[in-house]
Every structure is written in structure tokens, then in C-alpha cells.
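Note sheet for the following structure.
The values are calculated or read from the model by the stated rules, or taken from the named source; none is laboratory data. Note that this is a predicted model, so its numbers are computed, not measured. Neighbour counts run over all protein chains shown; Cβ positions are idealised from the backbone, glycine included. Remember, those area values only see protein heavy atoms, side chains included, never the ligands or the DNA or RNA. Shrake-Rupley method; radii C 1.70, N 1.55, O 1.52, S 1.80 Å.
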Amino acid sequence: MKGHPHSKWSLPRPPLEWRVGISWIILFLCALPLQGEQISSQGDSILERSHRFLTLSDESVRMVLLGTILMGLSCGVMGGLVVTRRLSLFGDTLSHAVLPGVAVGFLWSQSKDSWAILVGATVAGFLGVALISLLRKTSRIRQDSALGLVLSGFYALGICMLTRIQKMEFGNQSGIDKYLFGQVVGLSSSDLWTMAFSCLLILTLTILLYKELLVAGFDSEYARSIGLPVDFLQYLLWLLLAFAVITSLQVVGVVLVSALLVIPAATASLITDKMRAILIWSAMLGCMAGATGAFLSFLGNQLPTGPIIVLVSAVFFLWALFFHPQNGLLFKWLAARNRNQRIALENTLKAVYQELESINFQEETTSVSQLAKRRRIGMPQAHRETDALVARQYATVHPVEDKLAAPPRPTLISLTPKGWGTACRIVRNHRLWELYLTNEARYAPDHVHDDAEKIEHVLGEETVRRIERILSNPKKDPHGKLIPSQQDIDRGFIA
Amino acid sequence: MSANRQTKETFIPDFDPIDTFVTPWSTHAEIAWNGQIVTMGILVCLACGLVGSFIVVRKLALMGDAISHGILPGLALAFIIMKSWALFPMFFGACVAGLLCSFCIEWLQKKSILKPDAALGVTFTTFFAFGVLLIAMYGGNAHIDAECLLYGEIGLIPLAESLSLGGVDLGARPIVSMFVVTVLVIISVTVFYRQLMVTSFDFTLAKTLGLPVTLIHYGLMLLLALTIVSSFEAVGVILVISMLIFPSVTANFFFRRMPAILFCSLPLSFVYSIGGFFLARWLDCTIAGAMVLVASLCFALGWAFGPNGGLAWQLLDRLNDKPGNKNARSEGCAVEGQ
């Protein structure tokens, strides 16, 4: 049980701060090669730059940091709501579909006014989502095709409009093409106010309507039956999602917004499976990725912030995927390997026990060749298994003492008290389970072996006691063999 | 208000039929130049339409999107290493990246607790961000432009260096490679038509028949990656997805059988390419975008009036209140392979 992870519902244990710290250091190291290219052209060193960033002495640094954190927060929360509803790719579609709205807002206001663009983009995003549901309702087009159609159709419209705008006299200096990739340096204070407003709106509505959103998201039939306005909530979700996407456009651009919606939320869903925790984790991860990305791109001198933020959140994702203590694939893999090794050991021990039993425990030793025959494996494999037993002090081996035997003298195995105890426990589990299945579950006696083969390795001490009590301390299994008792285990031999 | 009006007028320029339809074909130089553009458009639409029909019936439409984003780091790396658009490194890098992306997605979908759509979203956005970063970091001194990769510029195709084989001038490189890929797509689809059909529509049957389903799947993915790589210069990585989806979905409103839908790619590719060219000529905007706009228009027409599930016929049926309508529609599902 040593390699077993903690219980499923607890949050990660204290070393979290450590891990966060280590991740920061690794990220910092990752920044060095990024920085290497430009270091000669720029006078200040990486330490000076990081000092400038961390003390927030620059006005532009403050704005960038605030912008990326606000974006991480709103995208994280909305992503959590969207990903758990299996709508991740709606975020992607929405982020592409707002593009014509951005263009219209720009045309309307003839400047990069964030409010006009916000309104235009929201309308366009809504149209896109409405078109998807209309397509789903009135035609046989599947969800994924409908998403792709709306995504690329709207995007093409947006691109055409933007190229038109760039050819008009006021479009030239607008920098509106920054909406494609984002440019965090170009954030104005009015942009920040818009971001703060939409972030506040998202947080407030999510907290106030948390239960309603939860119910409507996971069981819309039930939500309808208790009188919740499910459609209204759905539209509200789209509205908030559109806000999050549009305000993030300037920071990371159209294409990478969907990454910020999906990746932190997916990371959170790997870490925990409680909705509240997912939302909090996802928001935190979004903020952390935003801040770290801003830091790294500042260190790296004029590197695009958007892709770096996305890659930082991808690093968080990979960490959660492989190294998370409960759900990490590495730990799962290690646990599975441990379990398989333990099962193999226990099977060997059981075979030794059965071999000893077949000679009525007249002798205390058996040979490797006998073991190989019983386990139906080759000699090399049997030797390997025996070595594994010896390595864990379950058994000792010694060559046969008969001097007359042929040169490759057979090796004898004898169990240590520890090995004997484990072997007895496994055999006992096996036979008790067989008896339980025959007596209580009415299985035929010749159908119980395979099931017992599996369960013998996982039955706990307490369960065994309960089964014994139910079966009133039996002596023999359905096939007439003796079940080792606790006394036999303690005594070291079968009476 | 007057300023607004003026903007509107310049935003949609006056329609001049002579300038739009006649001028592009008035001189030999113009014909050669524009002919290359239109040819490239037709080839792109045809190859994408054929591969896309299978992608759509396999419910992999978004996998196409993912791969089209996922090839970016491969392209960028090939470009950074070779310092130019060398044909084979570019194809190689992009195909490896595309297949790696699709493999990562499938691995995540199988091995992690993530929902399939989240696994897809996480993977391709990460690949894409990596590609953009590579271009931003190392593309500055080399001639590579991220925006051009994003929405392509089919209008600059004739500028590409021409490819010659044994002294014979074959034409501009993108057109030649697109032509080769299109021929490859047509051949593969014809030769492996049965296998593709069976694995697309009845996975279990394909397995019992002993078909190598995984091999066919990755073969199709490779074909998809090849198509995307050869067309990205023309239409960019995002608009490729519309070239994949629009033809088969539009054809689905007119025909129910797969062969008909596949054949439909041919006329549709002519319509998209030529229509897009004229639209872009009139509006003076990006040709790839205009091609997708024409595709959207065709789709809207099909959705409204298509004999196979079009809105107008649905409305008519509802007005006449024919009960038999339901059956007719469910029969049509055969082509969707449910």
C-alpha cells in the first residue's frame, strides 16, 4: 500500500509551494535561451530586467501585468464553466467568429475604441453561436462540422473586412491587425478599464449564479423541472464568454484566446473534480500563466506575449498531466508498476505454498524447477521470480545438498517467516473468496477460481475477517483444501 | 454621419463590371498571372474537398482544424533550419508536426481523464503557440511572416520561384506541389475508395473484415496533412478548414450518395475559385477570404434551397403537414453514416 496515492478528494499536500517555486525556477531557466538572442544588442542584463519587472517600476510593465492577470482571471473562470460542459471548442469558434464584429465596431467608431468594438464583437459572437444552434436544429450537419463552418466562414468575413479597412485611409495607422496575434504593449488605460469591468462582471455573475449555472450545466432537464430559466442562463454564459474572449483579444489575439480558455480549465480538471475547485484552480492557473508569460516575454525583450502565455499554461498542463500526486500519469504508472510487481511476487509465493502443500508440508523446501512447472513458465523466468523473492526477503535459496546430483544442481527454495505469512494470507484470501462465492453467491464450484485469482491480491484484512465471520470460520474451501488460519500463519506451519 | 456615409462608400467599392471581369483577362501577362491564381485555387479546393468529404463523415472536422494549426511548428522549424522555403524539408516538417499533433490528441483522449474536445483544444493551441513563437523569435531575419501563414496570400503565388525538372520549366513551385498532391489525393481516394468508405461508415464491419483500420486512419491523416501543407501558402492555416468542410457539407444538401458528393467537389472548386477571384477583384481584399465567402454563400444557398433537407422544402413540408417527411429525412442519414 506504500505507493498508493492519497484519498481521491483531498487537495495537494504542502509541497505545493515547493513545486510552484521549482516551476518558477525552471521557467526562469527556460527564459535564458529566449533571451540569449538579443542580449548583446540590449544594454541591460537579465537580472536588471527582472528587477525592473518585479519592482513594477515601469508604467508599461504595470499595465501589461494587470492586463495579462485580468485576462487570465476572466478566461480561467469562463474556461472552467465551458470546458466542464464539453463546449471547449465553442470558445474556439466564438473567438474566431467575433472578428467581423471587431471590424464593424472599428468601422463604426473609426478608431480603436474598445467599447464600440466590444459591442460589435459581442453581437457577432452571438450571431455565430445562434447560427450553430440553428444549423443543428434545421439540418443534419453534425456539431463538429457546424463549428468548423461558422468558425471559418465568420473568420473569412472578418479577414476580408480587415484587409478592406487596412486599405482605407484611417485604417492604416490603426494597428487593427494586432487583433490577430495581440499586442499587449499596445494596451491603453481604456482597454484596461474595459477588461476590469468585464472581469468584474464575470466574477460577480459566476459567484451569484454559481448554483444555477452548475445545475443548468450538468443536468438541464432537472434545472428546467425546478423552474430555472435554462435558456436564459445559456445565453448569459455565451455573453460572458464573449466578453472574456473579446477583452482578451488585444493581449493574445484571435487564435490563441481559445488556448487560454481551454488549457487552464483542462489543467484544473486534471487536478481536481469538484466544480468549485475547478473554477478556482482554473482562475489561479490563468492568472499565473498570464503573469509568468508577461514576465518571460519582458525578459526576452519584445517577444510576443500571447504565445508565451499559452506555452506557460501548457507547461502547467504537462505538469498536472504527468506529475500531479493523485492523477498524474507518472504516479499512476508507477503505482501500476508497483501493483503488478506485488501481484507477481504474491503469485510466486502462492505457487511455492501450493508446491509445499502438494507434499503435505513434509519438507520445508521446494525446487525452482518444481516452481517453474507449477507456474507454467520457463526456467529463466522462474529463476528471475525466485531472485525477486530473495531480494525482498520472502525466501532463501540454497543449492541441493545431495552431492550425487548432476552438475547444474537444482536450487531449493525455502520461505522465510515473512514469506510464509504472505503466502498463507494470499492462499487464505483465495480460498475464502472461492468459498464465499459458492456458499453465499451460489456460484458453481468450478467457476470461482478466476474471480478469486484477481481478488486475492486486493482483499484487505478487515474484509477477510468479515468473510470469515459470514462463513463462520470455515476450515476447508469448496475443493476440499485446507484454508490457512491466522494461527497457522503465526505458528509458521499448517497443523 | 456624413463621415460614416463616406466610410461606407469606400468600404464597399463601386462595382465596375469591366474592371472586375474583363481587365484581368485583357493582356497575356494578366492572363498568365491570374490564370495561375485561379488554377491554384481550383487545385486547393479540389484536393481539400475530396479529403474533407471523408474527414466530415468521420466526424473529424475539428481534427482537420487541429492539424492545420499543428503543422505550424514543423513549418517554422523547417524554415529556420533551411533558411528558405525548400520544398521537401517543408513538407517533411509539416507532415511530422501534423501527425504528431493528431497522435498527441488521440493519446490524450485515451490516456487522460480529459474530455475529447478539451484534449483537442489543449493540443493544437499549444502546437500553434509554439509555432508562432518560433516564427517571432527566429523569423525576423529570415523572410517569414506569421500573418501570411495565418490567412495566406494566393495572389502572390505566381511570384514564387519556378520549379524545373530536367531543364523543363514546370511552373511556380506552390502550383506544382499542389498539383502533385491533388493527383495523389485523387489516386488514393480512387484506389482505396472501398476501404475508406467501410472504415468511415462502419468501423466494426471494417475490423471484422480484417482491414488495417489504424493504418487507414493514419494514412488519411497523412493525406490531410499533405493537403494542408501544400495549400497553406495559398489560403493560410485557418481558412484551410473551410476548404475541407464547405464542399462536402454543401454537396450534402443536394446529393445523398458519397460518390456524388465526392464528384461535387469538382464544380464547387471551380465556383469557389473563380467566384472568389472576381469577388476579391471587386472588393480589393484577400482572395482566400473571398473564396471562403463564396463558399459560405454556396452553403447558404444549399441550406436554403437544397433538395436534400433544405430549409425551403422543410418549410413547405411543414406547411403541407406531410407526415411522410420524417422518413424521407431519416433515409437521408445513410450518407451521414450513423
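Per residue, the accessible area of the protein assembly as shown comes to 46 Å² when a 1.4 Å probe rolls over the protein heavy atoms. Ordering A:His96, A:His383, A:His479, A:His447 by accessible surface, largest first, gives A:His447, A:His479, A:His383, A:His96; the 1.4 Å probe counts only protein heavy atoms, with every chain in place.
Measuring only protein heavy atoms, the 1.4 Å probe finds A:Tyr436 accessible over about 60 Å².
Cα-Cα over 26 Å: which of A:Lys332/A:Lys481; A:Lys373/B:Lys111; A:Lys418/A:Lys454; A:Lys137/A:Lys211?
Working: A:Lys332/A:Lys481 37 Å; A:Lys373/B:Lys111 37 Å; A:Lys418/A:Lys454 22 Å; A:Lys137/A:Lys211 28 Å.
Check vs 26 Å cut-off fails for A:Lys332/A:Lys481; A:Lys373/B:Lys111; A:Lys137/A:Lys211.
The figure for B:Met137 is an accessible area of roughly 30 square angstrom, using a 1.4 Å probe on the protein chains alone. When chains B and A come together, the accessible area they lose, probed at 1.4 Å and totalled over both chains, is close to 5800 Å². Of the GluC sites (Glu not before Pro) in the range A:427-475, the ones in a loop by DSSP (not H, G, I, E or B) with at most 13 other beta carbons within 10 Å are A:Glu440. Each residue of the range A:94-99 is assigned a 3J(HN,Hα), and the resulting list reads 4, 5, 7, 6, 6, 4 Hz, derived from the Karplus form 6.51 cos²θ - 1.76 cosθ + 1.60 (θ = phi - 60°), x at Gly and Pro.
Amide H to amide H, with H built 1.01 Å from N, B:Gly171 comes under 5 Å of B:Leu163, counting only residues 5 or more places away or on other chains. Compute the accessible area of each residue in the range B:250-293 twice, once for its chain alone and once with every protein chain present, using a 1.4 Å probe on heavy atoms, and list those whose area falls by at least 50 Å². Listed by number, the residues meeting the 50 Å² cut-off are B:Asp284, B:Leu293.
For GluC sites (Glu not before Pro), the sites in the range A:328-364 that DSSP calls loop and that have at most 16 other Cβ atoms within 10 Å are A:Glu363, A:Glu364.
Residues A:His51, B:His28, B:His69, B:His217, ordered by accessible area of protein heavy atoms at a 1.4 angstrom probe radius and largest first, appear as B:His28, A:His51, B:His217, B:His69. Counts of other chain beta carbons within 10 angstrom of each beta carbon in peptide A:349-362 average 0.
Accessible-area rank, largest first, for A:Asp58, A:Asp273, A:Asp191: A:Asp273, A:Asp58, A:Asp191, with all protein chains present and a 1.4 angstrom probe. Binning the C-alpha pair distances of the protein assembly as shown at 10 Å intervals from 0 yields a P(r) profile of 2, 11, 18, 20, 16, 12, 9, 6, 3, 1, 0, 0 %, listed from the shortest bin outward.
Surface composition of the protein assembly as shown: carbon plus sulfur atoms hold 64% of the accessible area, using a 1.4 angstrom probe and ignoring ligands, DNA and RNA.
In the complete set of protein chains, residue-level accessible area for B:Tyr138 is approximately 80 Å², probe 1.4 angstrom.
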